[in-house]
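Colleague: Below you'll find the structure I mean.
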Amino acid sequence: MEPVEKKGPRGFDVGLVDGSVSASTRRFHVVLHEKAVVQLDDLVACTQALPDGREVTHYGIVVEGTGQIEGAELPTDTQRIAAERTMPGVTVKRVEVQVLRTVPELWLPPLPGAVVRKVAPGPERDAALFIDQMQRPLPIGVDQAGDSVLADFSFINGEKGGHVSISGVSGVATKTSYALFLLYILFETEMGRRLLGPHAPSTHALVFNVKGEDLLHIDRQNSKYSNNPDAPKQWASLGVASPGRFGSVALYAPRAAGSHEGAVATDVTSRSSKDVIAFGWPPRDFIREGLLRFCFAEEEDSRTQVSFVEQRVRTQLARWSYPLENEPGAVVLCEPPDTTSQVFSRVLSETREPCPAGAGHPVRNFHDLIEFLDRKLTPDNPTFDPRFTAGAAAGTCLAFLRRVYAQSARLGHLITVGVQPVALQKAVTVVDIHSLHDGAQRFVVGALLSRIFEEKQGKGREPLRFIVLDELNKYAPKQGTSPIKEVLVDIAARGRSLGVLLIGAQQSSSDVDPNITRNAALKIVGRLDAGEAADYKFLTSELRERAARFLPGTMVVDQPLIPAPLPLRFPFPAFATCVAEGEPPPAEKKAAARKAFEGL
Amino acid sequence: MSVYFEDWSVSYGSPYLIEPESTHEDKPAELVEDGKTLRFHMGRDHGEPLPPLAFVDGVRRGEASLYKHDPQTGEIIHGVAGAHACGAVVGTGLDRLEFHETRVSRLLIWGAGQRPDLPATESGFSWKSDSIVDRSPKDLLARLQERMRAAEAELAESLGKTGYLTVIDGPLPYGRVIDAPILGYIKTHHKAQLPDPHHRRVPELQRGERTSLFHRKKHCFSAYLRLAPRGPFSGPWAGIVRIEIPVGVGIETARREADRAAHFLPRFAGIAHKDPRAPQNLQPIGALESHLRHLLGDTRLAERAVREAVAHKSGPDQGPIQREVLF
């Protein structure tokens, strides 16, 4: 077979810069040689000599391709030219190119008529994609040709920029998969650990699982990996020779809602109970971390006086609580001395001796707490205590109680003695919240994020904390305010310097508070809803249309260094990302088989 | 007397320009086939596959008028700068038709035997000088036409010699010995070729039929053929063209060639809604013409190049040229 493209002095020539239309500093067209095959996302380059002898090279990415028969004036001419062969015509193929980079950086358009070549992997590709400018390159996917696409890690780790925003319609399962892919590269590969540096062992990621029990399996091999013949090659081009499962993972699931008092177990069905830790907050932690505020995370709460009552109650609970003797996690609420501070943080710094249960009102779970609050806040009750209400009207106190009662059914089961607080000890900590009510999900996310954020205050950027949170629109919607949204906006704004980095995902970025999406250095878009594509200003019009028909595994990335969005794919994971892919380790399989035989 | 509608667009006039009195030619043609009777033959291929086809045509254009002035004698000599292009559309029948070789020439034609040159311009224009004895601008353009015809003939012959059955738009070149399979293809009828009784019968041709061969010009055999059926309002001569076959091939081959031409040419007949000279202007020829006109380039650009060249020629004596004069 004769060569498809002509070998030029710098690469394979594919055509000429079209002179019949204007070539600008941002876009130009290329008339392709008859046999050149150039597809979308291919990288091309053209070089011109300036009158002063300098050479300028334009690098670009193909954004659209067109074809036409020159000489055909009417649609029927095509029939005459191609089928009946009674009329001559010349088939022309053109591609439209978006300029990525001009080297040296001169604001000149490409020269019409200049020879255009394909950019080959190596120094030219590195120049085209600014890889030569990246101090700490991190592979974030592969391009159309299977070569790795890189991003500068200093724009992810908070140094020059931070946070990742992933958008895309749900059901294509790419948002979370992509977030996990990034985590995998960072935590489980040699180059990832190299980028994390000496702090790698103490770097942690917190992943919220919002769909099924899917992410409770990432510590297992993906049983469907071998069905994807392209995957090993793609992983290899990213520099990962043998991809596998996440090695260091802690799995947390909420304590089951229907548990008896004192019982601590989860509802998880796809993993054995010893693999999953039931998480929750002992009442002492609940009070001392001031988590009551996250019980009032509904949007309407911020518009009423209830939040004032909540603030007062939060402080009063801290003032009143003493550790319950011999029952770790439990508290006993009793009248503090008058000298006790009214400031929450000061109260926390006090050292308090444990008290016996008889000293006051013991609190071992959320119900105990509600009973106490009911007594203190019901206006007509003789035990009503105005110190808890901040002078609020009777109606407001009742509204507060109503909300506390309502939350009791949703998240009450999480606040009890015996449960484990979520601790970031392993590299990746998965916290399952999928089975929780919306209100409880907001509570868990708010409580965990605020703690991570608090812990990092004043401790420097590294070691980093990555937070993977899907359905960001639920926690930080565009409209309204709530305590959890405040935490997220705070993380978006200050998290960079504190090393708390948000990998947020949402169906449509326009539903999320713009302070959060705007702060993300890496913007990634999977398949978009055609109606919402217009909101993504950083995409080219062609990519907006294409994104509406992306297949799973195809994304577009926009990053600060590169002035154009780049489409990319990421390899099929070797770790399980859903229940069906979770493959129990051989020992467990054997045990299950043995059990089955024993049952016979 | 009936009224008909001329199918050609009015700007191209009528393809039938024969005056009633001119039908009786001084030297009428003689039939060389079918005895003394004009017969009609349905085109056929004689069972032989059609060789690769080539359609050759040329275009020309005067681009600037020049004159040379002698201040001593006051004599003025006219010149014309112009361009002609010729090319071919070829096809094997197995593949699409495509544009073959195209040649563009720029000429500077002077009258009165004069032949001053103009320098080539930086934008890539250059002219070859040529000269005629006459002085009228009309004759200068006629020379351009003659040059174009010569280039066409040369191209047609070279294609014919490499195995193409070549159709040249216009009569066969006169004054050359043609040893290649070339067909002259004449769309416009200026003079009656046949004696009156025969001439009147020509419109009776049906689509794909040709008349008996006749011989009027020394160098070729000729026949009329109908390309397309006559429309309900079309004149009797609508869709009738004349072909010319070089005499050198002999009468037998000429008959076969004529049959074959009547067989394949109708397939390429021009499309009424696309071509103002349909159906006579064949599709490949129509496309070739517009291709060639395109290759001649922008008229304004060509005119500017001539101005630039004239300015440069007179430049050295008059100092550097002012750019604003040119652009």
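The values are calculated or read from the model by the stated rules, or taken from the named source; none is laboratory data. Not measured: the values here are computed from a predicted model. Virtual Cβ from ideal backbone geometry, glycine too; neighbours counted across all protein chains shown. Just so you know, the surface numbers come from the protein's heavy atoms only, side chains and all, with ligands and any DNA or RNA stripped out. Shrake-Rupley method; radii C 1.70, N 1.55, O 1.52, S 1.80 Å.
Colleague: If we keep just the residues of the stretch A:551-585 that are at pLDDT below 85 and more than 18 Å from residue A:246 (Cβ to Cβ), which is surrounded by the most Cβ atoms within 10 Å (Cβ to Cβ)?
Modeller: A:553
Colleague: Right, here's the next one. Can you tell me how many residues in the stretch A:377-396 are open to solvent by less than 30 Å² (accessible area, probe 1.4 Å), part of a helix (DSSP H, G or I) and in contact with a Lys or Arg (Cβ under 9 Å, 6 or more places away or on another chain)?
Modeller: 1
Colleague: I'm checking my understanding of the structure. Among residues of the stretch A:76-92 that are assigned to a helix (DSSP H, G or I) and surrounded by fewer than 17 Cβ atoms within 10 Å (Cβ to Cβ), which one is nearest to the other protein chains (Cβ to nearest Cβ)? Walk me through it before giving the result.
Modeller: Going through the stretch A:76-92, the residues assigned to a helix (DSSP H, G or I) turn out to be A:76-84.
Okay, now just the ones that are also surrounded by fewer than 17 Cβ atoms within 10 Å (Cβ to Cβ), so A:76, A:78-79, A:82-84.
Values: A:76: 8, A:78: 11, A:79: 11, A:82: 6, A:83: 9, A:84: 8 Å.
Among them, the one singled out is A:82.
Colleague: Sticking with this structure for a sec: Hey, any hits in the stretch A:455-474 for a residue that's at pLDDT 85 or above, more than 12 Å from the chain's Cα centre (by Cα), farther than 23 Å from residue A:168 by Cα and open to solvent by less than 20 Å² (accessible area, probe 1.4 Å)?
Modeller: Yes, the stretch A:455-474 contains a residue that is at pLDDT 85 or above, more than 12 Å from the chain's Cα centre (by Cα), farther than 23 Å from residue A:168 by Cα and open to solvent by less than 20 Å² (accessible area, probe 1.4 Å).
Colleague: Go through (1) surrounded by fewer than 21 Cβ atoms within 10 Å (Cβ to Cβ); (2) under 38 Å from the mean Cα position of the chain (by Cα) one by one and return the number of the condition residue A:95 breaks.
Modeller: Result: residue A:95 fails condition (1) only.
Colleague: Look through the stretch B:77-131, keep the residues that are surrounded by 16 or more Cβ atoms within 10 Å (Cβ to Cβ), within 14 Å of another protein chain (Cβ to nearest Cβ) and among the aliphatic types (A, V, I, L, M), and return whichever of them is farthest from residue A:88 (Cα to Cα).
Modeller: B:88
Table: residues versus (1) open to solvent by 60 Å² or more (accessible area, probe 1.4 Å); (2) in a strand (DSSP E or B).
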{"position": "A:194", "(1), (2)": "yes, no"}
{"position": "A:216", "(1), (2)": "no, no"}
{"position": "A:235", "(1), (2)": "no, no"}
{"position": "A:242", "(1), (2)": "yes, no"}
{"position": "A:247", "(1), (2)": "no, no"}
{"position": "A:261", "(1), (2)": "yes, no"}
{"position": "A:268", "(1), (2)": "no, no"}
{"position": "A:274", "(1), (2)": "yes, no"}
{"position": "A:278", "(1), (2)": "no, yes"}
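Colleague: Look at the stretch A:123-146 and say how many of its residues are open to solvent by less than 30 Å² (accessible area, probe 1.4 Å) and among the basic types (Lys, Arg).
Modeller: Count: 1.
Colleague: If a residue has to be under 18 Å from the mean Cα position of the chain (by Cα) and either without any contact (Cβ under 8 Å) to a residue 12 or more places away in the chain or more than 27 Å from residue B:99 (Cβ to Cβ) (or both) to count, how many in the stretch B:144-170 make the cut? Explain how you work it out, then say what you get.
Modeller: Step one: filter the stretch B:144-170 for residues under 18 Å from the mean Cα position of the chain (by Cα), giving B:144-160, B:165-170.
Next, from what is left, pick out any that are either without any contact (Cβ under 8 Å) to a residue 12 or more places away in the chain or more than 27 Å from residue B:99 (Cβ to Cβ) (or both): B:146, B:154, B:158.
So the answer is 3.
Colleague: Among the residues in the stretch A:172-179, are any touching a Gly at 6+ places or on another chain (Cβ under 7 Å) and small (Gly, Ala, Ser)?
Modeller: No, that holds for no residue.
Colleague: Would you please name the residue that is surrounded by the most Cβ atoms within 10 Å (Cβ to Cβ), looking only at residues in the stretch B:257-296 that are within 11 Å of chain A (Cβ to nearest Cβ) and assigned to a loop (DSSP other than H, G, I, E, B)?
Modeller: Top of the filtered list is B:282.
Each row is one residue, and each column tells you yes or no for (1) surrounded by fewer than 17 Cβ atoms within 10 Å (Cβ to Cβ); (2) modelled with pLDDT of 90 or more; (3) part of a loop (DSSP other than H, G, I, E, B); (4) of a type in the set (D, E, K, R).
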site	(1), (2), (3), (4)
B:142	yes, yes, no, no
B:147	no, yes, no, yes
B:150	yes, yes, no, no
B:156	no, yes, no, no
B:160	no, yes, no, no
B:168	no, yes, no, no
B:175	yes, no, yes, no
B:185	no, yes, no, no
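Colleague: Can you confirm whether residue B:301 is at pLDDT 95 or above and either crowded, with 18+ Cβ neighbours inside 10 Å or of a type outside the set (Ser, Thr, Tyr) (or both)? Let's see the steps before the verdict.
Modeller: Working: at pLDDT 95 or above: no; either crowded, with 18+ Cβ neighbours inside 10 Å or of a type outside the set (Ser, Thr, Tyr) (or both): yes.
Answer is no for this residue.
Colleague: Got a sec? Which of A:416, A:429 is open to solvent by less than 20 Å² (accessible area, probe 1.4 Å), within 16 Å of the chain's Cα centre (by Cα) and polar (S, T, N, Q)?
Modeller: On the way: A:416 fails: within 16 Å of the chain's Cα centre (by Cα).
Residue meeting the stated conditions: A:429.
Colleague: Is the stretch B:67-82 home to any residue that is within 20 Å of the chain's Cα centre (by Cα) and within 22 Å of residue B:281 (Cβ to Cβ)?
Modeller: No, the stretch B:67-82 has no match at all.
Colleague: Looking only at the stretch A:438-497, count how many residues are farther than 28 Å from residue A:199 by Cα and among the charged types (D, E, K, R).
Modeller: 7
Colleague: Now for a different question. Could you say whether any residue in the stretch A:41-50 is in a loop (DSSP other than H, G, I, E, B) and within 14 Å of chain B (Cβ to nearest Cβ)?
Modeller: Initial filter on the stretch A:41-50 (in a loop (DSSP other than H, G, I, E, B)): A:41-42, A:50.
So of that shortlist, the ones also within 14 Å of chain B (Cβ to nearest Cβ) come out as none.
Within the stretch A:41-50, none of the residues are in a loop (DSSP other than H, G, I, E, B) and within 14 Å of chain B (Cβ to nearest Cβ).
Colleague: Go through (1) in a strand (DSSP E or B); (2) more than 14 Å from chain B (Cβ to nearest Cβ); (3) open to solvent by 20 Å² or more (accessible area, probe 1.4 Å) and name the single condition residue A:35 misses.
Modeller: Of everything listed in (1) in a strand (DSSP E or B); (2) more than 14 Å from chain B (Cβ to nearest Cβ); (3) open to solvent by 20 Å² or more (accessible area, probe 1.4 Å), residue A:35 misses just condition (1).
Colleague: Can you pull out every residue in the stretch A:489-511 that is open to solvent by 10 Å² or more (accessible area, probe 1.4 Å) and of a type in the set (Gly, Ala, Ser)?
Modeller: Passing the criteria: A:493, A:497, A:509, A:510.
Colleague: Hey, another quick one. Residue B:48 versus (1) acidic (Asp, Glu); (2) under 26 Å from the mean Cα position of the chain (by Cα); (3) open to solvent by 50 Å² or more (accessible area, probe 1.4 Å): which is the lone unmet condition?
Modeller: Of everything listed in (1) acidic (Asp, Glu); (2) under 26 Å from the mean Cα position of the chain (by Cα); (3) open to solvent by 50 Å² or more (accessible area, probe 1.4 Å), residue B:48 misses just condition (2).
Colleague: Okay, moving on. Please determine whether any residue of the stretch A:5-15 is more than 14 Å from chain B (Cβ to nearest Cβ) and closer than 23 Å to residue B:291 by Cα.
Modeller: Checked against the condition, which is being more than 14 Å from chain B (Cβ to nearest Cβ) and closer than 23 Å to residue B:291 by Cα, the stretch A:5-15 yields at least one hit.
Colleague: Same structure again: Might you check whether a residue that is within 51 Å of the chain's Cα centre (by Cα), more than 11 Å from chain B (Cβ to nearest Cβ) and in a helix (DSSP H, G or I) occurs anywhere in the stretch A:66-75?
Modeller: Yes - at least one qualifying residue is present in the stretch A:66-75.
Colleague: Another question, then. Inside the stretch A:284-368, counting only strands (runs of 3 or more DSSP E) that do not spill past its ends, which hold 2 or more residues that are in contact with a helix residue (DSSP H, G or I) (Cβ under 6 Å, 6 or more places away or on another chain)? Steps first, please.
Modeller: Numbers: elements: A:321-323, A:331-333, A:361-363.
Filter on the stretch A:284-368 gives A:331-333, A:361-363.
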